[in-house]
Amino acid sequence: MVGPATREARTVRLDRPLDLAGTLRPIRRGGIDPCMRLWSGECWRASRTPDGPSTLHLRHAGSEVMAEAWGPGAAWMLEQVPQLLGLDDDLDAFDPKVALVVELARHHPGLRIGRTNAVAEALAPTVIEQRVTGHDARRAWAWLIHRLGERAPGPAELLLPPTPATLASTPSWVFHRANVDRGRASTITRAMSRACRLEETTTMAMSDAYRRLRAFPGVGAWTAAEVAHIALGDVDAVSVGDYHLMHQVSWALAGEPRGTDERMLELLEPWRGQRARVLRLLGAGGIQAPRFGPRLPTQSIAAL
């Protein structure tokens, strides 16, 4: 249990529009995420920082974002707010090129790509998302937080994600009860046992960070891209191997209802260096490929 915590605050002034919810949405693990609440113009987020646990509250009004933080990591959390909100995201470097992307960029001028600088914290739930539906993954991660996490500081009654040390020592039967198979559980425990090596990627060049992430057994191209986008702010991240993404891109950019990873990369090539921004805009625009087959089935590993 985290005891009473003092409050620290700062105000960040904006020189461009900001879509707070759209910018931070990739960090939240669904509507049942015990660590984060997000609305239009307001966010609560609990996290573990290098200085200790903290809860952050953000409120966007006009050209300002008011930030408050509680807990031992409050100062660190407040220092990271501009990066979290993508205020150093260079929008001038982006050329929409085609009519659809031009229109999406015009409708979503405040969509930015930020970074949490919390790599281990992003990796664990991302591994859980491998090869399963988003619904199953969100339920599994929330279950683990309720079992292994703890109360976050501050007034929001959020939970902190489990520490890397806790996840590294969690037996496989606990993951099994959370509906996480042995392969994904092993990937998490191995990676969390060397969490310091993960966090070192925050100071690396992006290419070196990807090599470090991919060096962990069980972390492939899809997982590395998802983590680099959220934790490191990679504006060029493309999640190759995603069940839906290749179809979404093929439909949006070529009118083809079904695609492949190769076709997706071909269509995104004109935006190399900014491909993640195009993908975020397609998502913000609600563009989805037509569905022809059944949804991925829900898996019940815990019942086995």
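The values are calculated or read from the model by the stated rules, or taken from the named source; none is laboratory data. The structure displayed is predicted, hence computed values, not measured ones. Don't worry about glycine lacking a Cβ; one is built from the backbone with ideal geometry, like all the others, and counts go over all protein chains shown.
Quick notes on this structure:
- Residues that are over 21 Å from HIS229 (Cβ atoms) and either hydrophobic (A, V, I, L, M, F, W, C) or not in a loop (DSSP other than H, G, I, E, B) (or both) within the range 47-65 comprise GLY52, PRO53, SER54, THR55, HIS57, ARG59, HIS60, ALA61, GLU64, VAL65, listed in sequence order.
- Filter pass, LEU58 being outside the structural domain of PRO162 (by TED's automatic domain parsing), crowded, with 21+ Cβ neighbours inside 10 Å, under 19 Å from the mean Cα position of the chain (by Cα) and modelled with pLDDT of 95 or more: yes
- Selection from the range 237-285 of residues that are among the β-branched types (Val, Ile, Thr) and either farther than 24 Å from THR126 by Cβ or touching a strand residue (DSSP E or B) at 6+ places or on another chain (Cβ under 6 Å) (or both): none
- Filter result for ALA205 (surrounded by 14 or more Cβ atoms within 10 Å (Cβ to Cβ) and of a type in the set (A, V, I, L, M)): no
- When GLU200 is tested against (1) surrounded by fewer than 19 Cβ atoms within 10 Å (Cβ to Cβ); (2) in contact (Cβ under 8 Å) with a residue 60 or more places away in the chain, only condition (2) is not met.
- Flag if ASP33 is modelled with pLDDT of 95 or more, part of a loop (DSSP other than H, G, I, E, B) and acidic (Asp, Glu): yes
- Residue in the range 222-236 that is loosely packed, with under 15 Cβ neighbours inside 10 Å, β-branched (Val, Ile, Thr) and under 20 Å from the mean Cα position of the chain (by Cα) present: no
- Matching residues, the range 177-189, being free of Cβ contacts under 8 Å to residues at least 40 places away in the same chain and either surrounded by 15 or more Cβ atoms within 10 Å (Cβ to Cβ) or touching a Ser or Thr at 6+ places or on another chain (Cβ under 7 Å) (or both): ARG182, ALA185, SER186, THR189
- The numbered conditions (1) farther than 17 Å from ALA225 by Cβ; (2) touching a His at 6+ places or on another chain (Cβ under 9 Å); (3) of a type in the set (A, V, I, L, M, F, W, C) are all true for ILE113 except (1).
- Pair list, Cβ under 6 Å, 6 or more apart: the range 52-71 residue free of Cβ contacts under 8 Å to residues at least 60 places away in the same chain, other residue of a type in the set (Ser, Thr, Tyr) and part of a strand (DSSP E or B): GLU64/THR11; MET66/THR11
- Test: residue in the range 162-178 that is in a loop (DSSP other than H, G, I, E, B), under 19 Å from the mean Cα position of the chain (by Cα) and not assigned by TED's automatic domain parsing to the domain that holds TYR243: yes
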